[in-house]
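For reference, the structure discussed in these notes is given below.
The values are calculated or read from the model by the stated rules, or taken from the named source; none is laboratory data. Keep in mind that this is a model prediction, so the values were computed, not measured. Because the Cβ atoms are built from the backbone with ideal geometry, glycine has one as well, and the counts that use them run over all protein chains shown.
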Amino acid sequence: MRAPRQSLLTMEPEPRGRPARGMVLVELGLFLLVVGLAFTLLSVGLGRIRHEARLEQLASDLQAFAQAFEQARAENGRWPATADEVASRLQGSSWGRGSPFGGAYGWVPPGPAGRSGMITLTAFAPGFPLGLTRADLLALDRRIDDGDLATGRFRTGFNGWPVYLVGEKP
């Protein structure tokens with residue numbers, strides 16, 4: 001059997017019934033720190049997942065819009081002059097609501113050569129700021145095109161806004 005510990009100040013034995021309480025605040029602080037870090041890591045991870053899902057939705061939207069305009073061309077023998085001519089095909093889509101990153105979709109019909117039109121995504125409309133970075137545009141280009149914003153169907157156009165070419169391959 002061990003001898004009871006003695007207090008350094010009084011040289012008297014410490015009472016044995018209860019452990020010292022000095023570490024409770026330190027332990028509580030460490031616990032809160034660990035829980036805070038876990039929540040931070042979780043929220044960052046969920047933010048990335050949400051961002052990737054929005055990129056995937058934008059890619060899907062652009063491809064669906066392109067298909068609607070191409071079908072209208074196939075049926076009518078010409079490209080639609082405005083997006084209103086394709087309204088029935090775009091009904092229920094996010095065409096009028098804007099993209100998951102803000103911005104407004106638009107349609108630019110082909111010029112005199114008539115080879116291809118453009119689906120644009122711009123932030124010119126009030127209340128629709130465009131929240132896409134260059135890294136986002138490159139990631140989107142890798143998903144739906146050739147990974148180069150200067151070539152292919154998906155590229156940057158005027159003022160760096162993204163455009164998706166519809167029709168003949170460039």
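Being modelled with pLDDT under 90 and more than 18 Å from the chain's Cα centre (by Cα): is that true of Pro112 here? Here the answer is yes, as Pro112 does meet what is asked.
Residues that are polar (S, T, N, Q) and closer than 30 Å to Asp136 by Cβ were ranked within segment 2-51; the one that is modelled with the lowest pLDDT is Ser43.
Within segment 74-86, residues that are farther than 15 Å from Gly96 by Cβ sit with their Cβ atoms under 6 Å from residues that are part of a helix (DSSP H, G or I) and of a type outside the set (Val, Ile, Thr), at 6+ positions apart or across chains, in these pairs: Trp79/Arg73; Pro80/Ala72. Annotation note: of Arg142, Arg155, Arg89, Arg73, the sole residue that is under 22 Å from the mean Cα position of the chain (by Cα), on the phi < 0 side of the Ramachandran plot, part of a helix (DSSP H, G or I) and not small (Gly, Ala, Ser) is Arg142. If you check Asp145, Asp84 for being closer than 15 Å to Glu168 by Cα and among the charged types (D, E, K, R), only one passes: Asp145.
Remark: Leu137 matches the filter, which requires a residue to be modelled with pLDDT under 95, buried (at least 16 other Cβ atoms within 10 Å of the Cβ) and part of a helix (DSSP H, G or I). Only a single item in (1) surrounded by 19 or more Cβ atoms within 10 Å (Cβ to Cβ); (2) in a helix (DSSP H, G or I) is not met by Tyr105, and it is number (2).
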